[in-house]
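Below: the structure, in structure tokens.
FYI, it's all coordinate maths here, none of it is from the lab. On a predicted model such as this, the values are computed, not experimentally measured, just so you know. Glycine gets a Cβ as well: all are built from the backbone with ideal geometry, and neighbour counts include every protein chain shown.
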Amino acid sequence: MALDWRLFFITFGTLFVAELGDKTMFAVFSFASQNRNPWTVFIAASLALVAVTALSTFVGGVIGRFVPAQVIKLASGLIFLGVAVWILVEAIPGFIKYIRG
């Protein structure tokens, strides 16, 4: 099976841009800034992303056989929005406390 280079670069570019400023990037930034061993953070974060990508690829491949792509995209978007709202709700009290000093 030959590597589809077009698909490779589209996937790489999309995920690279999507991860810039993402919560994962900020989590890694936070871990690396708080510890004196950034290489450990780099290796751990890289392995975590590989594991999540492997799981997502497998599950997406299986679900994609039974569920239309548009339904998967809609469900993914709704889950993403739900997580965003949850993070905001969790963050607001701490932010207000921070502002008030």
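In table form, for the structure just shown:
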| read-out | value |
| --- | --- |
| Value at 222 nm in deg cm²/dmol, rounded to 500, when DSSP H runs of n ≥ 4 in the chain each add -39,500 (n - 2.57) | -29000 deg cm²/dmol |
| Span from the region 4-19 Cα centroid across to the region 31-101 one, whole angstrom | 18 |
| Structure-derived mean projected area of the Cα convex hull in nm² - corresponding label in (i) 9.4; (ii) 10.8; (iii) 6.2 | (i) |
| Span-rule helices in the chain, defined as complete DSSP H runs reaching 24 Å or more along the axis (Cα) with Kyte mean at least -1.0 | 38-63, 69-100 |
| FRET efficiency for Arg100 and Val52, using Cβ-Cβ distance with R0 set to 30 Å, rounded to 0.05 | 0.25 |
